[in-house]
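Report on the following structure.
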Amino acid sequence: MRKAARAYKTSLAIIAYYGWRLKLADRWRDLGAENEDEYRRKLDIPRATWYKWTNIGKVHHDLSLADLQAIPTTNLELLQEVAPEQRAEFPWVEEAKTLRPELLVGLIKERHRENGNTYEPMTYFRERVVYSAKKFIEEALEGYKERYGLGSRGRALELMIADNHDRMSALGIINKALNLFEEIQMLLKEKGILDLELLEYIDMGRREIDEAYTSAIEAALMGKRNPHRYGNRPTHYPEERSGASGLQEPPMAPMEDPSGDMS
């Protein structure tokens, strides 16, 4: 099993490194295929695996094959989340070779915040549910997302969980207020109104609300429950939040799902 694990990790790095270079060359007919997808099928590489890892190769096009093979696969995925402007500022590659994923996530969050960026690395949350409940859950999340103008169903789930900590109404209203600020700015631009003082006040307001939102989410996920509602039972929750408190989430690279479907 250890040999298989090493071979699997090595193979993924090879798909990332050479797969991206083959996409750049775009000479699939020279390889006996009409297009990229036919070439992938001939190699019998699952669709999700191919597109996920060739995209990782694209993001890390400046790394050598040896570096790609030396970094744990989870950390290679996490390095995609580093803000582009910070990729050259820190020794990410050497750190990613040795750090556990949770420590690397913390480092990314810390350095993003130092640069005024509240975005945090994203991941999947998967649970098995009764088949008949799946559609109801999806519709509930979609409705929540639309109601509060959220960027994804993942964000809706995050806020619904926060609801169990007596914070939902405030978080929903805060996010709605952020949407309104965004719409005001867009409206001013469309009307050609360039009032620097007004725009500065809008930015100040958005920053204040964003900080309040971030603090509320962190408090909820740290388990600071209302003692009157839940009693004094100790709770333990992960420190990471799923995503930034802003309106839009940065585009995610395709990630592999156990079902084989693309994200």
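The values are calculated or read from the model by the stated rules, or taken from the named source; none is laboratory data. The structure presented is a predicted model; accordingly, all values stated were derived computationally and were not measured. Methodologically, a virtual Cβ is constructed for each residue, glycine included, from the backbone with ideal geometry; neighbour enumeration extends over all protein chains shown.
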Next item on the list: For residue 223, work out the one condition from (1) in a helix (DSSP H, G or I); (2) surrounded by 10 or more Cβ atoms within 10 Å (Cβ to Cβ); (3) at pLDDT below 75 it doesn't fulfil.
Entry: (1)
Checklist line | Every pair of residues 6+ apart whose Cβ atoms lie under 8 Å, when the first sits in the stretch 117-139 and is over 14 Å from residue 155 (Cα atoms) while the second is in a helix (DSSP H, G or I) | finding: 118/112; 118/210; 118/214; 129/137
Check: For residues in the stretch 72-114 being of a type in the set (Asp, Glu) and under 14 Å from the mean Cα position of the chain (by Cα), which is nearest to residue 53 (Cα to Cα)?
Finding: 77
Notebook entry, point to check: Does residue 190 meet the test of being modelled with pLDDT of 75 or more, under 20 Å from residue 161 (Cα atoms) and surrounded by fewer than 15 Cβ atoms within 10 Å (Cβ to Cβ)?
Noted result: no
Notebook entry, point to check: Does residue 54 qualify as being in the same structural domain as residue 92 (by TED's automatic domain parsing), within 22 Å of the chain's Cα centre (by Cα) and either closer than 25 Å to residue 123 by Cα or among the small types (Gly, Ala, Ser) (or both)?
Noted result: yes
Notebook entry, point to check: Within the stretch 7-41, can you find the residues that are part of a helix (DSSP H, G or I) and either among the small types (Gly, Ala, Ser) or in contact with a strand residue (DSSP E or B) (Cβ under 9 Å, 6 or more places away or on another chain) (or both)?
Noted result: 7, 11, 13, 16, 19, 25
Next item on the list: Would you confirm whether any residue within the stretch 91-106 is more than 27 Å from residue 18 (Cβ to Cβ) and in contact with a Pro (Cβ under 7 Å, 6 or more places away or on another chain)?
Entry: yes
